[in-house]
Amino acid sequence: MATTSEPLEPSELSEPALSVRQVLTLERVLAGEPEVVAGAGQLDRPVRWVHVAEAPDVGVMLSGGEMVLTTGVLLAGDEDKQAEYIRSLHRAEAAAVVLGLGRAFPAPPDVMRRVAERCGLPMVVLHRPFPFAELTEEVQCRLVRRKFAAVSLSEAVRTALTGLITAGAPLQRLLDEVASHSACPVVVTNLAHRVLATAGERSAVDDVLRDWERIARQAGGSAGDGWIRAELGGRGERWGQIMLCGYRGDTATGRLLADRAAEALVLHRMLGGSSAHTWEEQSAQSLLTDLVSGVVPARQLLPRARAAGLPVNRRAFVPLVVRDGEPGQLERVLRLLGLSGIVAELADGATAVLLSLARDQDAAVLTANLAARVRSESGAPRTVVAAADARTAWDEVPAGLREAQHVADAVADSSAALDLPAVVRLKDVHLRGLIRLLRDDPQVQSFAERELDGLLSGADEDLLAVLRTYLASGRNKSRTAQLHHVSRPALYRRLEAIQGRLGVDLDDFEQAASVHIALLAHDAQQG
Amino acid sequence: MSRVIRAALFQTAWTGDKESMIQVHEQAARDAAAQGAQVLCFQELFYGPYFCQVQDKAFYEYAEQIPEGPTVRRFQALAKELGIVLVLPMYEEEQPGVLYNTAAVIDADGSYLGKYRKTHIPQVQGFWEKFYFRPGNSGWPVFETAVGKIGVYICYDRHFPEGWRALGLSGAEIVFNPSATSRGLSRYLWQLEQPAAAVANEYFVGAINRVGVEDLGDNDFYGTTYFVDPEAQFVGEVASDKETELVVRDLDLAKLREVRDRWQFYRDRAPGAYTPLTAP
């Protein structure tokens, strides 16, 4: 026998509200030998409450969903009254009627049974005398516990999420918490159905994302059973939704979880004072960072890329890195040009762009257009877009991104001196690229220190800068003087000082080359 | 057998003057062509502000002859240079005092193919169009372009299913719907009516809306330009609701046959029963 003090198991909580069928299988009810005499097809109706009533006009006292218990003492002998009694219960949308057989009705009354059958109202008779109070106590305790459990779950989730928000936890942490309650994938999207964040068991999330395009495009958003959505919005503006994908519990509990999660997400965003774009940026950032790092195999990131709105079927991917680019600015340029791509700031402050082009499109021309437009729109005429060659295989995208990053690093700080084109590639960075790759090598480091010792120990940044420009300009004295705003005689004096300190003759090609390589290595180590 | 074409739409904000507006659109055509787009449609009254927010005869000056006027000539040259079909929604002056809300269609070799004049002219707060335009009298032309059969249905027209159907009956494969429509008024219709028209008439629809709030009124033009296919699926994403954007998409026109083989709406329609629809 169940007692009221036991807490409900989670599995119990996730079942639908108590049904007529479930009430009839309770141990205390079975003692009354219940028999369903009408409406057997409707036994899965939920029972909201149990009500004992003998009044013939009980219908007016009900508000729907009640299981009504009666001995029929006021109905005996009047068939019209019996029929009307059943009809009034039906009109009031009672869940079921339970008639205790005894003095009033020794056997199931035929009229009531027929009317109940016609109305589809479950009618149950109890063959053994049975104290109704026990039944109401039993059922009501269960119903109250169920309600209490729902309130308590709601409260627990809310407390946990509020705690995370006040502790400044990121969006992902909030979603992980929601997923731990829902035990199914949780997905946050913007209005364009782009996936901004996910949580839940990885393989289950991937399954959802793999099919995302179909799911997202379903009109009316009904993706099937267990898909529970809650809108995200506030101050009259809707900006996204959160979805529990394939929630296996009952809809009411899922709804409750989704609503609590939505409230928390809205609060999180409001407190963050952030715009709608921030989550999108975070999503793009985590995707591109994961691609560059190579920690997660590219193949596993494909569903995420697709769900983030990047076209991936039969495409060519162009990895780009812009050193002093602002992600918002780059996104605007992509829109202007009608190019598909994702943009995000990488950990080192550079901005990565992954373009997705149709395979027949000319990647070089479109990259050049993009770079030219970035220069004209940003008002930074020296901005350099580092590009890797287009990749048609998704698996090669990480290597491409790293190549673009490497190129961007190699030309960092030297774009002004070199007067670089708007798009630079690996072949354009020559020796700088190689030095950049080797910059952490201890032998290269000691070589650089040895060669430049005379200047580095003097900490004379001005002489170092002059040397840098002189070598970068191909030992062009007039250009160097011009760039440093000094007269030619003044420049000669500085060059002599440099040669003196380093003990080299810069007119000798090999010595100059050696110093140049050392300087490139020195700069690479600083960068 | 697929028959893929690359089509483009362009949404933008009013720049403040006609010449710079035209230049922005020229650049968009170049950008679209660089991507391999074969056809491009601009927004309604593309080189002007949406002046119908006010009733001021000063804006009659924006009207030009089609095709003799300078803007059509200019874009004919551009279409030829880029090898792209252009749909130019403009303010047309047939003669002084006879003005239309029109779209000119230019083929990829720069030749002028013809025009469609907006049939349904609204007259509501913020959209005082009867002040500026006569109702169109061009019927429902469909243009044989280098890229396929193209129809145009302008802005407010889209609320009337009859014109969509007439364009379908004339063989349109893509119908462009250049618009200028405001957030508060039509946001709830924007992704409903054109997809429904695409399904009902089994062709592609390209819907364009300008962006931003202009000096002439409070209309908040919400962009969200898109292509939708004959199954009401958006082709790629819907554009931004606030920013200038070029939308370039690959459309497989073979989908028309596929869908029409499945749903025989053209066979099963019953024109004989529709007489009441044409009663005055």
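Every number here is computed from the coordinates shown, using simple stated rules; none is lab data. Quick caveat, the model's predicted, so the values are computed rather than measured. As a convention, Cβ positions derive from the backbone with ideal geometry for all residues, glycine included, and neighbour counts pool all protein chains shown.
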Quiz item: Which three lengths, in whole Å and largest first, does segment A:228-293 cover when its Cα atoms are put on their principal axes?
Solution: 41, 30, 16
Practice problem: Name the shape class, rounded, prolate or oblate, that the alpha-carbon gyration tensor gives for segment A:20-130, where a ≥ b ≥ c are the square roots of its eigenvalues, rounded holds for a/c under 1.5, and otherwise prolate holds if a/b is larger than b/c and oblate otherwise. | Solution: rounded
Quiz item: In straight Cα distance, which aspartates and glutamates are under 14 Å from B:Lys80, not counting same-chain residues fewer than 8 positions off?
Solution: B:Glu26, B:Asp107, B:Asp109
Quiz item: How much length, in nm to one decimal, is gained on full extension between A:Glu35 and A:Ser286, taken as 0.36 nm per residue of separation minus their Cα-Cα distance?
Solution: 84.2 nm
Quiz item: What angle do you read, to the nearest 10 degrees and between 0 and 90, between the alpha-carbon axis of helix A:397-411 and the longest principal axis of chain A?
Solution: 40 degrees
Exercise. Could you give the DSSP H helices of chain B that reach 15 angstrom or more along their long axis (alpha carbon positions) and whose average Kyte-Doolittle hydropathy is no lower than -1.0?
Key: B:18-34, B:70-82
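Please compute, for peptide B:34-46, the average count of beta-carbon atoms on other protein chains lying within 10 Å of each residue's beta-carbon. Walk me through the numbers before you get to the answer.
Values: counts 10, 10, 7, 1, 0, 0, 1, 0, 0, 0, 0, 0, 0.
So the per-residue partner count for this stretch is 2.
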Quiz prompt | Cα principal axis extents for segment B:97-206, largest first, Å | solution = 40, 37, 21
Quiz item: To the nearest 10 degrees, how steep is helix A:442-456 against the longest Cα principal axis of chain A, on a 0 to 90 scale?
Solution: 50 degrees
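Around A:Ala262, under 10 Å between beta carbons, what's the net of Lys plus Arg minus Asp minus Glu among the other residues?
On the way: positive: A:Arg229, A:Arg260; negative: A:Glu231, A:Asp259, A:Glu263.
Surrounding charge for A:Ala262 is -1.
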Practice problem: For each of B:Ser20, A:Ser283, A:Ser19, count neighbouring Cβ atoms within 10 Å of the residue's Cβ, then give the residues from fewest to most. | Solution: B:Ser20, A:Ser19, A:Ser283
Quiz item: Kirkwood hydrodynamic radius (Cα pairs, Å) of segment B:140-267?
Solution: 14.9 Å
Quiz item: What spacing in nm lies between the two simple spin-label points modelled at A:Arg235 and A:Ala169, each 7 Å away from Cα in the Cβ direction?
Solution: 2.6 nm
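Below 13 angstrom from the Cβ of B:Gly69, what's the summed charge of the other residues (Lys, Arg +1; Asp, Glu -1)?
Numbers: positive: B:Lys18, B:Arg73, B:Arg74, B:Lys115; negative: B:Glu61, B:Glu64, B:Glu68, B:Glu92, B:Glu93, B:Glu94.
Taking every other residue near B:Gly69 into account, the sum is -2.
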Quiz item: Between A:Arg87 and B:Thr15, what is the spin-label point distance in nm, taking each point 7 Å from the Cα along the Cα→C-beta axis?
Solution: 7.7 nm
Quiz item: Across every pair of different alpha-carbon atoms, what Kirkwood hydrodynamic radius in Å does segment A:279-430 reach?
Solution: 15.1 Å
Practice problem: Counting helices only, and only those DSSP H runs with n ≥ 4, report the 222 nm mean residue ellipticity of the protein assembly as shown as the sum of -39,500 (n - 2.57) divided by its residues, in deg cm²/dmol to the nearest 500. | Solution: -13000 deg cm²/dmol
Exercise. Could you state the angle between the C-alpha long axis of helix A:298-307 and the longest principal axis of the C-alpha atoms of chain A, as a value from 0 to 90 degrees rounded to the nearest 10?
Key: 60 degrees
Practice problem: Please report how far the C-alpha centroid of segment B:189-266 lies from that of segment A:160-201, rounded to the nearest whole angstrom. | Solution: 32 Å
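What FRET efficiency comes out for the pair A:Ala347/A:Asn476, r = Cβ-Cβ distance, R0 = 30 Å, nearest 0.05? Please report the intermediate quantities before stating the final value.
Numbers: r = 37 Å, r/R0 = 1.23.
Efficiency at R0 = 30 Å is approximately 0.20.
Most exposed first by the Cβ proxy, i.e. fewest other Cβ within 10 Å, how do A:Thr351, B:Thr244 rank? Intermediate values should be presented prior to the final figure.
Values: A:Thr351 24, B:Thr244 20.
So the ranking, lowest neighbour count to highest, is B:Thr244, A:Thr351.
Just want to confirm a number: the relative contact order over chain B, from Cα pairs under 8 angstrom separated by 6+ residues, in percent.
Rounded, it is 20 percent for chain B.
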Exercise. Check cross-link reach from B:Lys118 to the lysines: straight Cα distance under 21 Å, and skip same-chain residues fewer than eight apart.
Key: B:Lys57, B:Lys130, B:Lys149
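Counting only other chains, and only Cβ atoms inside 10 Å, what mean value do you get across the residues of B:24-33? Intermediate values should be presented prior to the final figure.
Details: counts 1, 0, 0, 3, 3, 0, 2, 8, 2, 0.
Mean inter-chain Cβ contacts per residue within 10 Å come to 2.
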Exercise. State the Cα centre-to-centre distance between segment A:460-527 and segment A:375-406 in whole Å.
Key: 31 Å
Practice problem: Would you mind counting up the charge near A:Ser487? Only other residues with Cβ under 12 Å from its Cβ, with Lys and Arg at +1 and Asp and Glu at -1. | Solution: +4
Practice problem: Would you mind calculating the gained length between A:Arg214 and A:Asp57 on full extension (0.36 nm times residue separation, minus the Cα-Cα distance), in nm to one decimal? | Solution: 51.2 nm
Quiz item: Between rounded, prolate and oblate, where does the protein assembly as shown land on the alpha carbon gyration tensor, with a ≥ b ≥ c its root eigenvalues, rounded for a/c under 1.5, else prolate if a/b exceeds b/c?
Solution: oblate
Quiz item: How about A:Lys477: which lysines have a C-alpha closer than 29 Å to its C-alpha, ignoring those fewer than 8 places off in the same chain?
Solution: A:Lys427
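Per residue of A:335-344, count partner chain C-beta atoms within 10 Å of its C-beta, then hand back the mean as an integer.
Working: counts 8, 10, 10, 16, 5, 4, 0, 0, 0, 0.
Neighbouring Cβ atoms belonging to other protein chains average 5 per residue here.
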Exercise. Please quote Rg/Rh for segment B:189-243 to two decimal places, taking the Kirkwood radius as Rh and restricting both calculations to Cα atoms.
Key: 1.07
Quiz item: Using 7 Å Cα-to-Cβ label points, what is the B:Ala146/A:Arg359 separation (nm, one decimal)?
Solution: 2.5 nm
Self-check item: Mean-position separation - Cα centroids, segment A:308-358 and segment B:1-75, in angstrom
Solution: 27 Å
Quiz item: Contour minus end-to-end for A:Arg248 and A:Asp440, with contour as 0.36 nm per residue of separation and end-to-end as the Cα-Cα distance?
Solution: 63.8 nm
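As an exercise, use a Förster radius of 22 Å and the Cβ-Cβ distance of A:Arg118 and A:Val73 to find the FRET efficiency, rounded to the nearest 0.05.
Result of the calculation: an efficiency of 0.35.
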Quiz prompt | Per-pair calculated FRET efficiency, R0 = 56 Å: B:Thr278 and A:Arg21 via Cβ, rounded to 0.05 | solution = 0.40
